[in-house]
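Notes follow the structure.
The values are calculated or read from the model by the stated rules, or taken from the named source; none is laboratory data. Note that the structure is a prediction, hence the values are computed from the model and not measured. Here the Cβ is made from the backbone with ideal geometry for all residues, glycine too, and neighbour counts use every protein chain on show.
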Amino acid sequence: MPEPRTLFDKIWESHLVDERDDGVCLLYIDRHLVHEVTSPQAFDGLRAAGRKVRRPEAALAVADHNVPTTDRAKGIEEPESRLQVETLEKNCAEFGIRLFSMNDARQGIVHIIGPEQGLTQPGMTIVCGDSHTATHGAFGALAIGIGTSEVEHVLATQTLIQKRSRNMRINVVGAPAFGVAAKDLILAIIGRIGAAGGAGYVIEYAGPAVRALSMEGRMTMCNMSIEAGARAGLIAPDETTFEYVKGRPLAPEGEAWEKAVADWRTLPGDPGARYDTEVTLDAAEIAPQVTWGTSPEDVLPITGRVPDPADEADEGRRRAMERSLDYMGLAPGTPLREIKIDQVFIGSCTNARIEDLREAARVAKGRAVAAHVGAMVVPGSGLVKRQAEDEGLDAVFTDAGFEWREPGCSMCLAMNPDKLAPGERCASTSNRNFEGRQGPGGRTHLMSPAMAAAAAIAGRLADVRELV
Amino acid sequence: MKKFTTFTGIAAPVPAINMNTDKIIPARFLKTIKRSGLGVSLFKDLRFDPDGSEKPDFVLNQAPFRDAAILLVGENFGCGSSREHAPWALLDFGIRCVIGPSFADIFYNNAFKNGLLLITLPQAEVDALMEDAGRGANARLTVDLENQRITRAGGAAIAFEIDPFRRHCLLNGLDDIGLTLAKADKIDAYEARQRVARPWLYG
């Protein structure tokens, strides 16, 4: 009998073009997502070497990092941002790559439009010059974030040089309590295994609490795999997955659909497949999470208090904590629920899908953003925006005092005009609370969309369970 | 890519753990369409105040570390964003080698693609090199990739392990894409098989 294999093993083995004795592999890449920040130097490299794009039809490009989220009729004001977006347009035209331009209704954050268009499918290998590519693992696709040299390599060869990762399975058993979202599960996981806990691994999220998640929730979880240092995150495809993919513009149709689904059903790990590491969490024990520091691993339940570096035995960690608390302007022992905020950002490739906006709107409905707080909602794509407007969510938000914006990466990384002022504190649904991530001197607390909406209304970090 | 040969340089300690690529080069400096000239933005918010003046307590603002060619770093260096601007900025500043207990996955790949050598050593050995670095200009290290050896100022040597393929590529300045294109027949054959087995991927 053949050795039982994991989901990762199966995708890996079905994409091997070449394997050398020293374990260096050439992996075939089915789809390539391209954006404006990490691609210009790759296209330059191709031109300099006189190389072509091997399969332009396997790529899809969109500008998302630099685009303004306010009125786009004026174009992009900042010259450097404008040049980067124009460069992407020129490169895509020259090399024959399909592009959703800034004013296309389908434009949006690269990790939101891939699944939305049906480009992302189970069993695929997908790359993008962006660390949050792991998002696509929610479909049971091996999705790897790569650098610009690798972007160039994939454009030229449709392959990637890789060594095989190890298998980690994270089982989330039980059912999450009321008010606990996919974001809380993944933050709790990162808190447990640490920012480097997944290094060298592809993480498969499994167990009843993961199975019960919608595709949106699964994408939120896989998205943050990189925050635990993993090469990728995966969730085995099931009926929820197939239901989501079916009928999307780039999904297979008719007989091809039947054939594809039959193939996808063989992807989940075999009984008895071996994982190098297994971790188990009980969803029922997880409360809504917020981060207090400057690494996603600095996370606690909202009911907690800012930790005291004096309690940390390891010197390196103690110093990191001291620096974090100094940067964040927080005193040890402060209840997290007493931390006053200035801004709220609901958006990003982690949490800007329709379900995220519904969750936030449920909290915001009929309430008002605290007078001292600036709050914005940035949908993940033009199509998410349109759907939210059809459902009346935009009115819920604007009535409550949130700004309703155009789609893009926005204040997740502050490459466009949306940024924190130095010292400002933000409740954010994004993925990184790094120093300066949302603007130099800005202070970020990561949380779920419902928790961010609750914070906007309370004017401080708040426990959403007291509001809904 | 430039060949990596043996070199001797000053090593600067940057011991913080989880040093992410947003700190190595903040996102606002990623708006370039070039690879060059990023050294001025290296560790921007750690090196400079908002008004552009140097922060004197940051190691690369202190003599002799302004001329550092080697960084000694804490665990999980290079975590976070996949931006290759991080190794580009390090190289442009003059850093040719980074030594630490562990590196983040994407940063590790990006560094080697650009000829930046990353050396993983046990924490105790990194700590010893950081102590050496306290001696400033006298704390020069010699990095010998061919023989996989770091020689300390006092003459003591530390051996290091490195992936043989990466070592080979660095020593010979090999271009990955060229190597892969030499296997075009294998890629063709793979695609031909997949077009039959999984035709929906080629629709």
Candidates B:ASP57, B:ASP92 - the one that is farther than 21 Å from A:ASN431 by Cα, part of a helix (DSSP H, G or I) and either modelled with pLDDT of 95 or more or of a type in the set (A, V, I, L, M) (or both): B:ASP92
Residue that is nearest to B:ALA189 (Cα to Cα), among those in region A:1-50 that are modelled with pLDDT under 95 and in contact with a Phe, Trp or Tyr (Cβ under 7 Å, 6 or more places away or on another chain): A:VAL24
Which numbered condition B:ALA86 misses (of (1) over 11 Å from the mean Cα position of the chain (by Cα); (2) part of a helix (DSSP H, G or I); (3) touching a residue at least 24 places away in the same chain (Cβ under 8 Å)): (1)
Residues of region B:28-47 classified as facing chain A (nearest Cβ under 10 Å) and either under 17 Å from A:MET411 (Cα atoms) or in contact with a Phe, Trp or Tyr (Cβ under 8 Å, 6 or more places away or on another chain) (or both), total: 8
Condition check for A:ASP104: surrounded by 24 or more Cβ atoms within 10 Å (Cβ to Cβ) and not aromatic (Phe, Trp, Tyr): no
Subset of region A:112-138 (residues that are part of a helix (DSSP H, G or I), within 14 Å of chain B (Cβ to nearest Cβ) and within 22 Å of B:TRP200 (Cβ to Cβ)): A:GLN117, A:THR133, A:THR135
Residue satisfying condition, being assigned to a loop (DSSP other than H, G, I, E, B) and either surrounded by fewer than 24 Cβ atoms within 10 Å (Cβ to Cβ) or of a type outside the set (D, E, K, R) (or both), within set A:ALA388, A:ALA370, A:ALA427, A:ALA450: A:ALA370
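B:PHE77: surrounded by 17 or more Cβ atoms within 10 Å (Cβ to Cβ), on the phi < 0 side of the Ramachandran plot and at pLDDT below 95, yes or no?
Taking the combined requirement at face value, the residue does not satisfy it.
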Test for B:ILE70: is it in contact with a Cys (Cβ under 9 Å, 6 or more places away or on another chain), more than 10 Å from every other protein chain (Cβ to nearest Cβ) and at pLDDT 95 or above: yes
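Conditions tested, residue by residue: (1) surrounded by 16 or more Cβ atoms within 10 Å (Cβ to Cβ); (2) on the phi > 0 side of the Ramachandran plot; (3) touching a residue at least 24 places away in the same chain (Cβ under 8 Å); (4) in contact with a Lys or Arg (Cβ under 6 Å, 6 or more places away or on another chain).
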residue	(1), (2), (3), (4)
B:PHE4	yes, no, yes, no
B:THR8	no, no, yes, yes
B:ALA11	yes, no, yes, no
B:VAL14	yes, no, yes, no
B:ILE25	yes, no, yes, no
B:LEU38	yes, no, yes, no
B:LEU42	yes, no, yes, no
B:LEU46	yes, no, no, no
B:GLU54	no, no, no, no
Within region B:1-27, tally of residues that are within 13 Å of another protein chain (Cβ to nearest Cβ) and farther than 20 Å from B:ILE106 by Cβ: 2
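Pick out, from region B:106-203, the helices (runs of 4 or more DSSP H) lying fully within it that include 1 or more residues that are buried (at least 16 other Cβ atoms within 10 Å of the Cβ) and more than 11 Å from chain A (Cβ to nearest Cβ).
B:123-133, B:164-172
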Residue among A:ALA156, A:ALA181, A:ALA175 that is away from chain B (no Cβ under 14 Å) and buried (at least 21 other Cβ atoms within 10 Å of the Cβ): A:ALA181
Close pairs from region B:163-175: first more than 17 Å from A:HIS153 (Cβ to Cβ), partner modelled with pLDDT of 95 or more and in a loop (DSSP other than H, G, I, E, B), Cβ under 7 Å, at least 6 apart: B:ARG167/B:LEU145; B:LEU171/B:LEU145; B:LEU171/B:GLU146
Leading residue by the ranking (surrounded by the fewest Cβ atoms within 10 Å (Cβ to Cβ)) among those in region A:12-44 that are in a strand (DSSP E or B) and more than 9 Å from chain B (Cβ to nearest Cβ): A:GLU19
